[in-house]
Amino acid sequence: MASVWIRTERLWLRPFAPGDVGRLHAIFSRAEVRRYLLDGDVVPRSWVEEVVASSEASFAAQGLGLWCIALAPEAPAVGFTGYREFHDPPVCELLYGLDPPDWGRGLAREASQAALRYGFEALGFDPIRASVDAPNEASLALARRLGFRETGRGPGPAFEQVHLTLERAEFAMPAGRFDVGPGPDAEGRG
């Protein structure tokens, strides 16, 4: 399956690739990001390499995975969004994160809306699930603005988890640009 890029009004969502490992590791290493996403743990670069490889394999096999959020096709990532399996048994959930200097600009919302639209339209998901650490008020607020509703709570590794669900019928389809394709220069991208 070809790689899946998404273009919105301001953003390019491109699948995680080996060339993004350094920038993604820097984002995952930020205290503000890892506090909830990684329960405060500092992860080695090899962990990010494994996440990138897993996402690449998932895109190749299923057409889903994690995207870098970028302001131009070849620009450095400012964050990430997409789908990854969590829990036991595994549940595919929406995941998002943004580098703190880019908070407050609506980028996480725009990127996550695009990932949700792709999930509903291209992948046929209904509902889409997410889990957020209970003290992570900013991510909970974003999930609610996206239309998610709380469906339960449960223990997590470090914090109580808030489980959320978004039904297709409850998703406010964003207006504006939404282009899905193999990338700006698909030749040579495989």
Given the criteria among the small types (G, A, S) and either under 15 Å from the mean Cα position of the chain (by Cα) or in a helix (DSSP H, G or I) (or both), does S3 qualify? no
From A60, A111, A77, grab the single residue that is modelled with pLDDT of 95 or more, under 25 Å from G19 (Cα atoms) and either of a type in the set (K, R) or out of contact with any helix residue (DSSP H, G or I) (no Cβ under 9 Å at 6 or more places or on another chain) (or both). A111
Of all residues in the range 139-168, how many are outside any loop (DSSP other than H, G, I, E, B), surrounded by fewer than 16 Cβ atoms within 10 Å (Cβ to Cβ), on the phi < 0 side of the Ramachandran plot and of a type in the set (G, A, S)? 2
Can you pull out every residue in the range 112-138 that is surrounded by 20 or more Cβ atoms within 10 Å (Cβ to Cβ) and part of a helix (DSSP H, G or I)? S112, Q113, A114, A115, L116, Y118, G119
For F120, the lone unmet condition from (1) under 17 Å from W67 (Cα atoms); (2) among the hydrophobic types (A, V, I, L, M, F, W, C); (3) without any contact (Cβ under 8 Å) to a residue 24 or more places away in the chain is (3)
Of the conditions (1) in contact (Cβ under 8 Å) with a residue 60 or more places away in the chain; (2) under 25 Å from G181 (Cα atoms); (3) of a type in the set (D, E, K, R), D133 satisfies every one except a single condition; which number is it? (2)
Could you list, in sequence order, the residues of the range 169-190 that are over 17 Å from R109 (Cα atoms), at pLDDT 85 or above and surrounded by 14 or more Cβ atoms within 10 Å (Cβ to Cβ)? V180, P182
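The values are calculated or read from the model by the stated rules, or taken from the named source; none is laboratory data. As the structure is a computational prediction, the values presented were derived from the model and not from experiment. Please note: Cβ atoms are built from the backbone with ideal geometry, for glycine as well, and neighbour counts cover all protein chains shown.
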